Each structure stands twice: as C-alpha cells, then as structure tokens.
Amino acid sequence: MIYNCRYAWNRFTGYSTRTAPLFWVPMASTVGQAMTTLSPWRNGHAYKIPLRERDGQVVSRGKLKAIFRVIIEQAPADINWLSILTTANRDVWAQAHDEVITANKTMTFIIGTNAETSLLCEHSKIDGTALYGLGRTISSAIDKHIETSESPYPVALASDDYVYLPACVPSCLSPLVDDLRAQHLSAVSGWALHSYTHKGYGVRYVRRKRLPPKTIFQVVIQAAVRRHFGYSPNSMDVISQRHFQGGRVDALNATTAEMIAFCDAAWDPQLDIKERARLFSAAVRSHARLGSLLLWGRGWWRHTTWLKEVALESGEEVPALFTDPVYLRTKGPQKVYTTFMDAGVSEVGQCWLEREVLFMTVRVLDSSVDFNIINGNGRGEEFIEHLKEAAKLIEDIMETMA
C-alpha cells in the first residue's frame with residue numbers, strides 16, 4: 001500500500017520542494033513498544049537516529065530537523081542498491097538475507113522531491129485495509145500540526161546524535177543485484193499514475209436519488225471501460241468486509257449480465273434514454289446485491305480459493321467446479337481492478353504483467369470523486385476522458401429518475 005499525503009515534507013521541515021528525497025524506515029526493538037530509533041535512508045544509505053537523549057527525554061523536533069538536513073547534505077551521492085535484494089523471489093531473498101543485514105518487511109515512510117509523502121508497506125493480498133487506520137492517523141497529525149517558533153537548527157550536533165550504518169553488496173551477490181536492477185527497470189518502465197477529480201457530483205447528489213454511491217460510480221467506471229476497450233472485460237471490484245474491522249477483503253466480478261446489458265446500450269444514441277435508465281437500474285441492483293453479500297462475508301471468491309488450496313495441500317482431487325467453463329470465465333483474465341477507499345487514503349502501488357490493465361482506486365466524497373489510475377500502455381489519460389463522458393452520461397440518466 002502506498003499512502004499519499006501532500007505537502008507533509010514542507011510542513012514538517014520547511015525545506016523547498018526541490019529537496020532530494022529521504023527514505024525513513026522505523027526501527028522498534030520490540031513489537032508493541034514505543035519506537036526508540038529512527039532509520040532514515042538516503043540514496044540507499046542508512047542512518048540510525050536515537051529518539052531519546054541521554055537523560056531519557058524525547059529528541060526535540062528542532063534537533064531532528066538539523067539531523068535530517070545534515071544527512072541530506074552529506075550522504076554519499078552514489079546509490080547503494082543493497083535493498084533491491086528484497087525484490088527477489090522469496091526463496092532467493094531468504095538465501096541472500098543470510099549474507100547481509102538489511103530491512104525486511106518494514107513499514108517505510110517515503111518523502112519525495114515534490115513535497116509528497118508516502119507510506120510503503122508489504123501486506124498480503126487480503127488484509128491491506130488493516131493499514132488504512134495508520135494512514136488516516138498520519139494524515140490527521142500532519143493536518144493538525146501547528147508550526148512553532150522553535151529554532152529549527154541547533155548550533156552543533158554530538159557525534160552520537162546520528163550514526164551512519166555502512167553496508168555494501170557482497171561480491172557473491174553483485175550479479176544478483178545487477179539482474180534485479182534490470183528486472184525492476186523493465187517491470188516499472190512505462191507504468192504511470194494518473195489522477196482525476198470529478199467535481200460534478202458525489203455522495204450527496206447520489207443519495208438524494210436514493211441510490212448507492214459506490215455502486216453508481218462502479219457503473220460509471222464500467223461504462224468508461226466499455227468505451228476504452230470496446231467490450232466489457234472481467235473487472236475485479238474489491239470490497240472490505242464489515243465483520244473484519246479495518247481489514248480483510250473479498251472481490252466480485254463487476255461485469256454481471258445486467259451490467260453488460262447496460263453497457264451494450266449506454267452509448268447507443270438511437271436508444272431511448274428511458275430504456276437506458278431501465279437497464280441502468282437493473283445494473284445498479286445487480287452490483288449492489290453482490291456488494292452487500294460480500295460486505296457480510298457471503299461472497300464466493302475467498303471461499304472457493306480456500307477450497308481449492310485445501311484440496312491441493314491434502315492431495316485430494318480438485319473439485320470439478322474449478323474446471324467448469326463458467327467458473328473459468330469468471331476468474332480471468334482480469335483487465336480492470338477497482339478499490340473504493342475511505343477518504344484520505346489512496347492505494348496506488350501496483351504493476352501488472354499485462355500493461356493494458358487498469359488498476360484504480362476511488363474515493364467518493366460529498367460533492368466530488370477522486371480517481372487514481374495506473375496503466376502501463378500509455379492510455380491512462382485516454383481513460384480519464386472516457387470517465388468524464390461516462391460520468392456525464394450517468395448523471396443524465398439519473399436526472400430522468402424520480
């Protein structure tokens with residue numbers, strides 16, 4: 001998960017947006033204890049900063065500013081690629097880990113040159129929402145921060161106020177690092193994040209129409225997807241389950257028969273708008289019903305996945321369901337992934353093997369909607385134009401409804 005919070009770096013340090021990026025990796029001695037050490041990373045070079053003075057007092061904010069400035073100015077300019085080992089296959093990384101000591105499964109707070117910050121976390125496919133509370137807490141703390149008149153840079157720093165942690169790539173791992181760098185560049189090349197805020201309407205307007213807001217904007221997305229691809233591909237809609245507070249998700253295929261029927265008719269100017277409104281209502285009901293089932297843990301994706309894994313692990317014959325043509329059609333290939341997020345959180349860290357895939361997160365607010373779209377074949381801006389057209393089309397249809 002990558003959580004974005006704009007302008008945090010400026011507000012915390014007072015530095016310009018052209019300041020080079022600094023990567024923070026929190027280091028706590030024991031899970032559940034207060035963090036006692038901060039480990040900033042700069043160009044892959046790590047430092048250790050004690051968060052308490054010798055007398056036990058918490059290090060002042062002004063002193064931290066001074067330390068950060070020194071690290072930014074004095075850190076080696078050459079990049080240390082040691083941490084790229086964590087991108088290797090798990091088995092390969094496990095072997096490499098015996099040769100080096102580096103961060104593993106950490107929670108990283110990243111500060112960029114454009115004054116945006118991100119929270120980078122590793123989590124399993126089904127429990128990413130457990131981290132959203134932390135993102136909201138950080139966002140709230142930044143928004144509530146009030147700058148003080150505290151002197152930002154103490155005159156002098158002691159030698160133990162921060163410590164450089166030297167680390168180099170062992171010669172036996174150099175070929176692996178070179179391979180991983182090439183793989184990484186190949187994997188991320190061409191992928192781009194596109195952001196769009198729809199300001200025409202949001203939760204307030206949709207609820208006045210007595211319609212479910214998230215479902216309505218899923219219909220908007222599906223109408224735009226039809227324009228984008230020319231057909232309605234499988235679309236995974238990820239939903240957070242109600243009985244897992246802050247965590248666990250399930251997924252549904254948003255391209256139901258009713259949704260496809262509406263998308264078939266949505267862009268047909270010869271079709272009466274009342275007929276399109278009828279098909280629109282059917283699509284809304286079908287998606288809302290499935291979403292409600294998933295919300296309360298009555299979906300099928302997680303349950304069938306577990307059933308298959310249990311059969312495989314126990315050596316039993318895989319049930320016939322998993323070779324049924326209808327089941328196989330519902331499983332893929334997925335071309336569209338959507339996740340509707342809480343306000344203040346956007347998950348934007350995804351790359352897929354198929355570059356035409358659209359991965360998007362959506363925040364539905366009172367009078368606007370934020371879309372973050374990741375695409376790897378250069379068509380992200382084109383899809384945004386389709387979103388604009390689809391949002392206007394759906395608004396016109398809703399206006400015909402009581």
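Laboratory data are not the source of any read-out in this text; all were calculated from the coordinates shown. The shown structure was predicted, so the numbers you read here are calculated from the model rather than taken from an experiment. Ideal geometry is used to build each Cβ from the backbone, glycine not excepted, and the neighbour counts take in all protein chains shown.
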Identify all aspartates and glutamates with a Cα-Cα distance to K392 below 14 Å; exclude those on the same chain that are fewer than 8 residues away in sequence.
none
Among 72-82, 294-304, how do they line up by average Cβ neighbours within 10 Å per residue, starting with the highest?
294-304, 72-82
In nm, to one decimal, how far is the modelled label at N234 from the one at A311, with both set 7 Å along Cα→Cβ?
1.6 nm
Calculated FRET value between Q74 and Q183, using beta carbons and R₀ = 35 Å, to 0.05
0.65
Using the count of nearby Cβ atoms within 10 Å as a rough guide to exposure, how do S118, S195 rank from fewest to most?
S195, S118
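Taking other Cβ within 10 Å of each residue's Cβ, how do S60, S235, S314 sort, fewest first?
Final ranking by Cβ density, sparse to dense: S314, S60, S235.
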If the chain between T37 and S159 were fully stretched, how many nm would it gain, using 0.36 nm times the residue separation less the Cα-Cα distance?
42.3 nm
Sort the following peptides by mean Cβ neighbour count (other Cβ atoms within 10 Å, averaged over residues), highest first: 37-47, 218-228.
218-228, 37-47
Fully extended contour minus Cα-Cα distance, from A141 to W93, at 0.36 nm per residue:
13.7 nm
Among M398, M341, what is the fewest-to-most ranking by other Cβ atoms within 10 Å?
M398, M341
Here the alpha-carbon Rg of region 171-260 over 2.2 N^0.38 Å rounds to 1.64
